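All remarks here apply to the structure that follows.
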Amino acid sequence: MTVKQVFNTSADLDFPTVLPTLDLDFANSKTLDPRITFTRASGGSYVGADGLIKYAGVNEARFDHDPATGESLGLLIEGSSTNLVVNSQIISLGSGEGSTFENNVGISPDGTNTMALITENTSNGEHYHGDVALTPTLGSFYCWSAFVKAGPNLGVTKKILFRIAAGNIATALCTINGQFAGNVSFSPGSQGVSAGSQYYGNGIYRFWLVWRADSASTTVCRIQFWKNGVGSVYVGEENNFYLWGRQLEEGPFPTSYIPTTTSTRTRQPDQTQIVGKNFSDFYNLSEWTLTVATKRNYSGNFIFFPNLLRINDATSNNNIGFYGARGSIQFTNFGVISGGINYTPYVAANISTTSPFKMVQALKKNMSTFGVNGILTPTATSVEVPPRMTRMGIGWDFSGQYWGSPISRISYYPKVLPNSQLISLTI
(Lines give C-alpha, C1' and ligand atoms only; values in the text may rest on other atoms or scores of the structure.)
Protein backbone atom coordinates (compact mmCIF):
# COMPACT_ATOMS: atom_id res chain seq x y z
CA MET A 1 0.00 0.00 0.00
CA THR A 2 1.24 3.49 -0.83
CA VAL A 3 2.15 5.67 2.13
CA LYS A 4 0.97 9.27 1.86
CA GLN A 5 0.78 12.02 4.43
CA VAL A 6 -0.92 15.40 4.05
CA PHE A 7 0.31 18.46 5.93
CA ASN A 8 -1.64 21.65 6.51
CA THR A 9 1.22 24.03 7.33
CA SER A 10 4.97 24.15 6.89
CA ALA A 11 5.27 23.72 10.67
CA ASP A 12 3.91 20.17 10.28
CA LEU A 13 6.91 19.10 8.17
CA ASP A 14 9.41 16.86 9.90
CA PHE A 15 12.94 17.63 8.66
CA PRO A 16 16.12 15.79 9.68
CA THR A 17 18.24 17.05 12.54
CA VAL A 18 21.20 15.00 11.31
CA LEU A 19 23.35 16.84 8.77
CA PRO A 20 24.04 15.39 5.32
CA THR A 21 27.62 14.33 4.65
CA LEU A 22 27.14 15.39 1.04
CA ASP A 23 24.94 18.35 0.07
CA LEU A 24 25.24 19.48 -3.54
CA ASP A 25 22.95 22.50 -3.83
CA PHE A 26 23.69 23.24 -7.47
CA ALA A 27 20.76 25.60 -8.05
CA ASN A 28 21.71 27.98 -5.23
CA SER A 29 25.48 27.67 -5.06
CA LYS A 30 26.12 27.50 -8.83
CA THR A 31 29.45 25.90 -8.01
CA LEU A 32 30.95 22.41 -8.02
CA ASP A 33 31.86 20.79 -4.72
CA PRO A 34 35.65 20.17 -4.74
CA ARG A 35 34.99 16.44 -4.32
CA ILE A 36 33.40 16.31 -7.78
CA THR A 37 35.45 15.41 -10.81
CA PHE A 38 34.02 17.12 -13.91
CA THR A 39 35.14 16.91 -17.53
CA ARG A 40 33.75 17.81 -20.96
CA ALA A 41 36.13 17.72 -23.91
CA SER A 42 34.42 20.60 -25.74
CA GLY A 43 32.56 23.81 -25.16
CA GLY A 44 28.84 23.91 -24.45
CA SER A 45 26.02 26.41 -24.10
CA TYR A 46 23.60 27.16 -21.28
CA VAL A 47 21.16 29.88 -20.24
CA GLY A 48 22.49 32.50 -17.84
CA ALA A 49 20.65 34.29 -15.05
CA ASP A 50 19.87 37.14 -17.45
CA GLY A 51 18.00 34.74 -19.77
CA LEU A 52 20.63 34.90 -22.52
CA ILE A 53 22.44 31.91 -23.98
CA LYS A 54 26.05 31.73 -22.74
CA TYR A 55 28.98 29.65 -23.96
CA ALA A 56 31.12 27.61 -21.57
CA GLY A 57 34.65 26.48 -22.36
CA VAL A 58 36.23 23.02 -22.26
CA ASN A 59 35.77 21.37 -18.83
CA GLU A 60 33.63 24.27 -17.61
CA ALA A 61 30.48 23.23 -15.74
CA ARG A 62 27.21 24.79 -16.86
CA PHE A 63 24.61 26.07 -14.39
CA ASP A 64 21.39 26.49 -16.33
CA HIS A 65 18.47 28.91 -15.88
CA ASP A 66 14.92 29.25 -17.10
CA PRO A 67 15.22 31.61 -20.11
CA ALA A 68 11.88 33.29 -19.41
CA THR A 69 12.08 33.77 -15.62
CA GLY A 70 15.80 33.60 -14.82
CA GLU A 71 15.17 30.88 -12.20
CA SER A 72 18.30 28.88 -11.39
CA LEU A 73 17.74 25.24 -12.42
CA GLY A 74 21.02 23.66 -11.37
CA LEU A 75 23.87 21.74 -12.97
CA LEU A 76 23.25 20.87 -16.63
CA ILE A 77 24.56 17.42 -17.52
CA GLU A 78 24.15 16.20 -21.10
CA GLY A 79 25.41 13.42 -23.30
CA SER A 80 27.14 13.96 -26.62
CA SER A 81 25.18 15.50 -29.50
CA THR A 82 26.05 16.79 -32.98
CA ASN A 83 24.35 19.70 -34.73
CA LEU A 84 24.07 18.48 -38.32
CA VAL A 85 23.20 21.96 -39.63
CA VAL A 86 26.08 23.82 -41.25
CA ASN A 87 26.10 27.58 -40.58
CA SER A 88 23.40 27.33 -37.95
CA GLN A 89 23.02 31.11 -37.65
CA ILE A 90 23.60 32.17 -41.27
CA ILE A 91 20.91 31.68 -43.92
CA SER A 92 22.14 30.96 -47.45
CA LEU A 93 20.62 31.55 -50.87
CA GLY A 94 20.00 27.89 -51.66
CA SER A 95 18.06 26.96 -48.54
CA GLY A 96 14.57 28.18 -49.42
CA GLU A 97 11.90 28.87 -51.99
CA GLY A 98 9.52 31.76 -52.50
CA SER A 99 11.34 33.90 -49.97
CA THR A 100 14.29 36.19 -49.40
CA PHE A 101 16.55 36.68 -46.41
CA GLU A 102 18.68 39.24 -44.64
CA ASN A 103 21.26 38.12 -42.08
CA ASN A 104 22.29 39.89 -38.86
CA VAL A 105 19.25 42.14 -38.46
CA GLY A 106 17.76 41.06 -35.13
CA ILE A 107 18.89 40.49 -31.53
CA SER A 108 19.31 36.76 -30.96
CA PRO A 109 18.89 34.65 -27.78
CA ASP A 110 22.60 35.14 -26.99
CA GLY A 111 22.28 38.91 -27.16
CA THR A 112 24.12 39.40 -30.46
CA ASN A 113 22.73 41.00 -33.62
CA THR A 114 22.70 37.71 -35.54
CA MET A 115 19.07 36.78 -36.24
CA ALA A 116 18.08 36.58 -39.91
CA LEU A 117 14.85 38.05 -41.29
CA ILE A 118 13.01 35.73 -43.69
CA THR A 119 10.46 37.39 -45.99
CA GLU A 120 8.20 35.62 -48.48
CA ASN A 121 8.00 37.05 -51.99
CA THR A 122 4.98 37.48 -54.27
CA SER A 123 5.36 34.25 -56.27
CA ASN A 124 2.71 31.53 -56.39
CA GLY A 125 3.65 28.42 -54.41
CA GLU A 126 4.88 27.37 -51.00
CA HIS A 127 7.16 29.80 -49.24
CA TYR A 128 9.82 28.48 -46.88
CA HIS A 129 13.42 28.90 -45.80
CA GLY A 130 16.10 27.18 -43.74
CA ASP A 131 15.98 23.77 -45.46
CA VAL A 132 18.36 21.11 -44.20
CA ALA A 133 18.62 17.71 -45.92
CA LEU A 134 19.12 14.56 -43.86
CA THR A 135 19.73 10.92 -44.77
CA PRO A 136 18.63 9.33 -41.48
CA THR A 137 19.59 6.09 -39.80
CA LEU A 138 16.67 3.69 -39.84
CA GLY A 139 14.96 3.56 -36.45
CA SER A 140 16.80 6.54 -34.96
CA PHE A 141 15.13 9.55 -33.34
CA TYR A 142 15.86 13.06 -34.62
CA CYS A 143 15.05 16.52 -33.32
CA TRP A 144 14.68 19.59 -35.58
CA SER A 145 14.69 22.90 -33.70
CA ALA A 146 15.21 26.62 -34.22
CA PHE A 147 14.69 29.96 -32.52
CA VAL A 148 11.93 32.00 -34.16
CA LYS A 149 10.43 35.45 -33.62
CA ALA A 150 7.52 37.12 -35.37
CA GLY A 151 8.64 39.69 -37.94
CA PRO A 152 7.03 43.11 -38.37
CA ASN A 153 4.84 41.79 -41.20
CA LEU A 154 4.08 38.22 -40.13
CA GLY A 155 0.36 38.85 -40.29
CA VAL A 156 -2.65 38.38 -38.05
CA THR A 157 -2.36 34.59 -37.66
CA LYS A 158 1.39 34.62 -36.91
CA LYS A 159 1.76 30.98 -37.90
CA ILE A 160 4.88 29.15 -39.03
CA LEU A 161 5.16 25.49 -39.94
CA PHE A 162 8.01 23.28 -38.72
CA ARG A 163 7.93 20.51 -41.24
CA ILE A 164 9.75 17.29 -42.03
CA ALA A 165 9.19 17.03 -45.76
CA ALA A 166 9.24 13.98 -48.08
CA GLY A 167 5.72 12.68 -47.75
CA ASN A 168 4.88 15.00 -44.84
CA ILE A 169 6.51 12.69 -42.32
CA ALA A 170 5.61 15.04 -39.46
CA THR A 171 4.61 18.66 -38.97
CA ALA A 172 4.29 21.13 -36.11
CA LEU A 173 2.18 24.24 -36.68
CA CYS A 174 3.72 26.90 -34.43
CA THR A 175 1.58 29.89 -33.51
CA ILE A 176 3.45 32.91 -32.19
CA ASN A 177 1.03 34.76 -29.92
CA GLY A 178 2.40 38.14 -28.90
CA GLN A 179 5.05 37.99 -26.17
CA PHE A 180 3.51 35.29 -24.00
CA ALA A 181 2.84 31.94 -25.68
CA GLY A 182 4.24 29.77 -28.41
CA ASN A 183 1.44 27.32 -29.17
CA VAL A 184 2.18 24.14 -31.09
CA SER A 185 -0.33 22.01 -32.99
CA PHE A 186 1.38 18.68 -33.65
CA SER A 187 0.54 16.45 -36.61
CA PRO A 188 2.55 13.25 -36.12
CA GLY A 189 2.06 11.89 -39.63
CA SER A 190 3.74 8.52 -40.11
CA GLN A 191 6.85 9.12 -37.97
CA GLY A 192 6.25 12.06 -35.63
CA VAL A 193 6.92 11.61 -31.90
CA SER A 194 6.49 15.02 -30.27
CA ALA A 195 6.70 18.78 -30.73
CA GLY A 196 6.94 21.72 -28.38
CA SER A 197 8.20 25.21 -27.63
CA GLN A 198 9.98 27.25 -24.98
CA TYR A 199 9.92 31.00 -24.54
CA TYR A 200 13.28 32.81 -24.45
CA GLY A 201 12.10 36.37 -23.91
CA ASN A 202 12.01 39.31 -26.34
CA GLY A 203 9.33 37.54 -28.40
CA ILE A 204 11.63 34.61 -29.24
CA TYR A 205 10.55 30.97 -29.04
CA ARG A 206 12.52 27.81 -29.55
CA PHE A 207 10.29 25.39 -31.46
CA TRP A 208 11.13 21.72 -31.99
CA LEU A 209 9.84 18.64 -33.76
CA VAL A 210 10.89 15.05 -32.99
CA TRP A 211 10.39 12.04 -35.26
CA ARG A 212 11.58 8.44 -35.57
CA ALA A 213 12.92 7.50 -39.00
CA ASP A 214 11.09 4.48 -40.41
CA SER A 215 13.19 4.58 -43.58
CA ALA A 216 16.66 5.68 -44.66
CA SER A 217 15.32 7.91 -47.43
CA THR A 218 16.56 11.48 -47.54
CA THR A 219 14.20 13.91 -45.85
CA VAL A 220 14.18 17.70 -45.66
CA CYS A 221 13.77 19.73 -42.47
CA ARG A 222 11.92 22.90 -43.31
CA ILE A 223 10.53 26.06 -41.68
CA GLN A 224 7.60 27.30 -43.72
CA PHE A 225 5.13 30.16 -43.92
CA TRP A 226 1.69 28.70 -43.22
CA LYS A 227 -1.58 29.68 -44.78
CA ASN A 228 -4.55 27.51 -45.78
CA GLY A 229 -2.74 24.28 -44.94
CA VAL A 230 0.37 22.35 -45.94
CA GLY A 231 1.07 22.27 -49.66
CA SER A 232 -1.37 25.01 -50.55
CA VAL A 233 -0.55 27.36 -53.40
CA TYR A 234 -1.08 31.05 -52.77
CA VAL A 235 0.21 34.47 -53.69
CA GLY A 236 2.81 35.66 -51.20
CA GLU A 237 1.86 38.52 -48.94
CA GLU A 238 5.43 39.45 -47.99
CA ASN A 239 5.00 38.17 -44.43
CA ASN A 240 8.24 37.66 -42.50
CA PHE A 241 9.82 36.18 -39.38
CA TYR A 242 13.20 36.17 -37.64
CA LEU A 243 15.19 32.93 -37.58
CA TRP A 244 18.29 31.86 -35.61
CA GLY A 245 20.07 28.81 -34.25
CA ARG A 246 18.81 25.99 -36.43
CA GLN A 247 19.70 22.62 -34.92
CA LEU A 248 19.23 19.09 -36.25
CA GLU A 249 20.44 16.35 -33.94
CA GLU A 250 19.96 12.68 -33.33
CA GLY A 251 17.95 12.13 -30.17
CA PRO A 252 14.43 12.33 -28.70
CA PHE A 253 14.47 15.94 -27.44
CA PRO A 254 16.25 19.26 -28.08
CA THR A 255 19.54 19.67 -26.24
CA SER A 256 21.42 22.87 -25.48
CA TYR A 257 22.19 24.95 -28.55
CA ILE A 258 25.31 23.94 -30.52
CA PRO A 259 26.50 26.79 -32.81
CA THR A 260 28.11 25.81 -36.11
CA THR A 261 29.93 27.61 -38.91
CA THR A 262 31.27 25.88 -42.03
CA SER A 263 30.92 22.34 -40.66
CA THR A 264 28.87 20.32 -38.23
CA ARG A 265 29.85 20.45 -34.57
CA THR A 266 29.72 18.01 -31.68
CA ARG A 267 29.25 18.84 -28.03
CA GLN A 268 31.11 16.21 -26.02
CA PRO A 269 29.45 14.57 -22.97
CA ASP A 270 29.56 15.99 -19.46
CA GLN A 271 31.15 13.47 -17.10
CA THR A 272 30.39 14.29 -13.48
CA GLN A 273 31.40 11.90 -10.71
CA ILE A 274 32.75 11.46 -7.19
CA VAL A 275 35.32 8.69 -6.86
CA GLY A 276 37.89 7.18 -4.52
CA LYS A 277 38.51 8.85 -1.17
CA ASN A 278 36.23 11.75 -2.05
CA PHE A 279 33.45 9.17 -2.28
CA SER A 280 34.34 7.00 0.73
CA ASP A 281 34.66 10.06 2.98
CA PHE A 282 30.90 10.77 2.80
CA TYR A 283 29.51 7.29 2.04
CA ASN A 284 28.30 4.90 4.75
CA LEU A 285 28.37 1.24 3.69
CA SER A 286 25.80 0.23 6.33
CA GLU A 287 22.88 2.62 5.75
CA TRP A 288 21.95 5.90 4.15
CA THR A 289 19.27 8.22 2.73
CA LEU A 290 19.70 9.96 -0.62
CA THR A 291 17.53 12.74 -2.09
CA VAL A 292 17.65 14.27 -5.57
CA ALA A 293 15.75 17.29 -6.93
CA THR A 294 15.53 17.63 -10.70
CA LYS A 295 13.13 17.82 -13.65
CA ARG A 296 12.42 15.76 -16.73
CA ASN A 297 13.80 16.80 -20.10
CA TYR A 298 10.70 15.90 -22.15
CA SER A 299 7.07 14.87 -21.57
CA GLY A 300 5.41 11.54 -22.23
CA ASN A 301 7.07 8.13 -22.42
CA PHE A 302 10.80 7.88 -21.88
CA ILE A 303 12.42 7.04 -25.23
CA PHE A 304 15.42 5.35 -23.60
CA PHE A 305 16.75 4.80 -20.05
CA PRO A 306 17.94 8.22 -18.83
CA ASN A 307 19.98 7.83 -15.65
CA LEU A 308 19.75 10.44 -12.94
CA LEU A 309 22.31 8.95 -10.58
CA ARG A 310 24.38 5.76 -10.25
CA ILE A 311 26.38 4.32 -7.34
CA ASN A 312 28.56 1.23 -7.89
CA ASP A 313 32.00 -0.34 -7.56
CA ALA A 314 32.82 -0.11 -11.29
CA THR A 315 31.04 -3.44 -11.83
CA SER A 316 27.42 -4.51 -12.25
CA ASN A 317 27.62 -6.80 -9.20
CA ASN A 318 27.21 -3.97 -6.69
CA ASN A 319 25.00 -1.32 -8.17
CA ILE A 320 22.25 1.14 -7.26
CA GLY A 321 20.76 3.63 -9.68
CA PHE A 322 17.78 5.83 -10.49
CA TYR A 323 16.41 6.26 -14.01
CA GLY A 324 13.44 6.63 -16.32
CA ALA A 325 11.97 3.37 -17.61
CA ARG A 326 11.91 3.22 -21.41
CA GLY A 327 8.46 3.04 -22.99
CA SER A 328 6.62 4.42 -19.96
CA ILE A 329 6.34 7.55 -17.83
CA GLN A 330 7.79 5.76 -14.81
CA PHE A 331 10.77 7.08 -12.94
CA THR A 332 12.19 4.25 -10.86
CA ASN A 333 15.03 3.00 -8.72
CA PHE A 334 17.11 0.24 -10.27
CA GLY A 335 16.80 -2.00 -7.27
CA VAL A 336 19.69 -2.82 -4.97
CA ILE A 337 22.17 -5.24 -6.54
CA SER A 338 24.56 -6.70 -3.99
CA GLY A 339 27.04 -9.43 -4.86
CA GLY A 340 25.34 -9.87 -8.21
CA ILE A 341 21.88 -10.47 -6.69
CA ASN A 342 19.00 -8.00 -7.15
CA TYR A 343 17.42 -7.78 -3.72
CA THR A 344 14.62 -5.31 -4.30
CA PRO A 345 11.92 -5.05 -6.96
CA TYR A 346 11.60 -2.15 -9.32
CA VAL A 347 9.48 0.50 -7.65
CA ALA A 348 8.24 3.47 -9.57
CA ALA A 349 6.39 6.76 -9.68
CA ASN A 350 4.75 8.23 -12.75
CA ILE A 351 6.53 11.40 -13.90
CA SER A 352 4.86 12.43 -17.16
CA THR A 353 5.71 16.12 -17.55
CA THR A 354 8.73 18.41 -17.38
CA SER A 355 7.70 19.75 -13.97
CA PRO A 356 10.35 19.60 -11.20
CA PHE A 357 10.24 16.63 -8.82
CA LYS A 358 12.08 15.26 -5.79
CA MET A 359 12.96 11.64 -5.13
CA VAL A 360 14.39 9.77 -2.14
CA GLN A 361 15.94 6.36 -1.42
CA ALA A 362 16.57 5.04 2.11
CA LEU A 363 18.59 1.84 2.50
CA LYS A 364 19.91 -0.49 5.19
CA LYS A 365 19.91 -4.26 5.71
CA ASN A 366 16.38 -5.63 5.19
CA MET A 367 14.92 -2.18 4.52
CA SER A 368 14.73 -0.25 1.25
CA THR A 369 12.25 2.60 0.71
CA PHE A 370 11.83 4.71 -2.43
CA GLY A 371 9.62 7.76 -2.92
CA VAL A 372 8.82 10.70 -5.16
CA ASN A 373 7.05 14.00 -4.32
CA GLY A 374 5.96 12.98 -0.84
CA ILE A 375 4.63 9.53 -1.80
CA LEU A 376 6.56 6.48 -0.58
CA THR A 377 6.47 3.00 -2.10
CA PRO A 378 6.08 -0.17 -0.03
CA THR A 379 9.27 -0.91 1.88
CA ALA A 380 11.30 -3.95 0.81
CA THR A 381 12.08 -6.09 3.89
CA SER A 382 14.60 -8.49 2.39
CA VAL A 383 17.67 -6.73 1.10
CA GLU A 384 21.45 -6.84 1.46
CA VAL A 385 23.43 -3.62 1.32
CA PRO A 386 26.22 -3.80 -1.29
CA PRO A 387 29.45 -4.64 0.55
CA ARG A 388 31.53 -2.05 -1.24
CA MET A 389 30.95 1.00 -3.39
CA THR A 390 33.60 3.26 -4.89
CA ARG A 391 31.94 5.94 -7.00
CA MET A 392 28.85 8.04 -7.75
CA GLY A 393 27.92 9.13 -11.27
CA ILE A 394 25.79 12.30 -11.32
CA GLY A 395 23.40 12.62 -14.26
CA TRP A 396 24.70 9.48 -15.97
CA ASP A 397 25.44 5.78 -15.40
CA PHE A 398 29.10 5.61 -16.53
CA SER A 399 28.12 3.88 -19.79
CA GLY A 400 26.50 6.80 -21.61
CA GLN A 401 22.86 6.81 -20.46
CA TYR A 402 22.43 10.49 -19.60
CA TRP A 403 19.66 12.30 -17.76
CA GLY A 404 20.04 15.39 -19.97
CA SER A 405 18.42 18.00 -17.72
CA PRO A 406 19.62 20.26 -14.89
CA ILE A 407 19.91 18.71 -11.43
CA SER A 408 19.00 21.15 -8.66
CA ARG A 409 20.20 19.37 -5.54
CA ILE A 410 21.60 16.07 -4.22
CA SER A 411 21.73 15.38 -0.47
CA TYR A 412 23.18 12.27 1.19
CA TYR A 413 22.51 11.41 4.85
CA PRO A 414 24.65 8.66 6.44
CA LYS A 415 21.66 6.99 8.10
CA VAL A 416 18.13 5.88 7.27
CA LEU A 417 15.66 8.62 8.10
CA PRO A 418 12.11 7.96 9.35
CA ASN A 419 9.27 7.98 6.82
CA SER A 420 7.92 11.31 8.05
CA GLN A 421 11.24 12.91 7.13
CA LEU A 422 11.46 11.12 3.79
CA ILE A 423 8.10 12.64 2.94
CA SER A 424 9.08 16.11 4.16
CA LEU A 425 12.27 16.10 2.10
CA THR A 426 10.39 15.41 -1.14
CA ILE A 427 7.32 17.64 -0.83
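Residue-level check: of (1) in contact with a Phe, Trp or Tyr (Cβ under 6 Å, 6 or more places away or on another chain); (2) under 16 Å from W403 (Cβ atoms), S355 misses just (1).
No other residue among N301, N350, N373, N366 is under 15 Å from the mean Cα position of the chain (by Cα) and open to solvent by 20 Å² or more (accessible area, probe 1.4 Å) apart from N301.
Within segment 408-427, residues that are free of Cβ contacts under 8 Å to residues at least 24 places away in the same chain and farther than 22 Å from N28 by Cβ reach no partner that is surrounded by fewer than 20 Cβ atoms within 10 Å (Cβ to Cβ) and of a type in the set (K, R) with beta carbons closer than 8 Å at six or more positions or on different chains.
Among residues of segment 96-112 that are assigned to a strand (DSSP E or B), those with a Cβ under 7 angstrom from a residue that is acidic (D, E), sequence gap 6+ or separate chain, pair up as G96/D131; E97/E126; S99/E120. Take T426 and tell me if it is open to solvent by less than 10 Å² (accessible area, probe 1.4 Å) and at pLDDT below 95. Here the answer is yes, as T426 does meet what is asked. Would you be able to say whether some residue in segment 51-69 is among the polar types (S, T, N, Q) and in contact (Cβ under 8 Å) with a residue 40 or more places away in the chain? Looking for residues that are among the polar types (S, T, N, Q) and in contact (Cβ under 8 Å) with a residue 40 or more places away in the chain, one finds none in segment 51-69, hence no.
For segment 58-112, the tally of residues that are acidic (D, E) and open to solvent by 60 Å² or more (accessible area, probe 1.4 Å) stands at 4.
One residue stands out among those in segment 340-391 that are among the small types (G, A, S) and in a loop (DSSP other than H, G, I, E, B): the one that is nearest to G300 (Cα to Cα), which is S352. Taking segment 324-339 as the range and being among the polar types (S, T, N, Q), outside any loop (DSSP other than H, G, I, E, B) and within 24 Å of the chain's Cα centre (by Cα) as the test, the residues that pass are Q330, T332, N333.
If you go through segment 60-92 and keep only what is more than 20 Å from the chain's Cα centre (by Cα) and of a type outside the set (A, V, I, L, M), you end up with N87, S88, Q89, S92. If you check E78, E102 for being at pLDDT 90 or above and over 30 Å from N59 (Cβ atoms), only one passes: E102. Can you tell me which residue in segment 24-57 is least open to solvent (accessible area, probe 1.4 Å), limited to those that are part of a loop (DSSP other than H, G, I, E, B) and basic (K, R)? Across segment 24-57, the extreme among qualifying residues is R40. Where strands (runs of 3 or more DSSP E) fall entirely within segment 197-298, those with at least 2 residues that are open to solvent by 40 Å² or more (accessible area, probe 1.4 Å), over 30 Å from V18 (Cβ atoms) and in contact (Cβ under 8 Å) with a residue 24 or more places away in the chain are at 204-212, 240-250, 265-267. Is it fair to say T137 is hydroxyl-bearing (S, T, Y), open to solvent by 10 Å² or more (accessible area, probe 1.4 Å) and either modelled with pLDDT of 80 or more or under 28 Å from the mean Cα position of the chain (by Cα) (or both)? Yes: the conditions hold for T137.
Kindly indicate the residue of segment 376-404 that is of a type in the set (S, T, N, Q) and over 24 Å from S424 (Cβ atoms) and also nearest to the chain's Cα centre (by Cα) among those meeting that condition. Residue satisfying both the conditions and the ranking: Q401. Note on segment 105-121: residues that are over 16 Å from A150 (Cβ atoms) and at pLDDT 90 or above total 5.
Rundown of residues vs (1) under 22 Å from I91 (Cβ atoms); (2) modelled with pLDDT under 85, yes/no style:
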position	(1), (2)
F225	yes, yes
N228	no, yes
V235	no, yes
E238	yes, yes
Y242	yes, no
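The values are calculated or read from the model by the stated rules, or taken from the named source; none is laboratory data. Source: prediction; values computed, not measured. For neighbour counting, all protein chains shown are included, and Cβ atoms are generated from backbone atoms with ideal geometry for every residue, glycine included. These area figures cover heavy atoms from the full protein model, side chains too; ligands, DNA and RNA do not enter into them. Shrake-Rupley method; radii C 1.70, N 1.55, O 1.52, S 1.80 Å.
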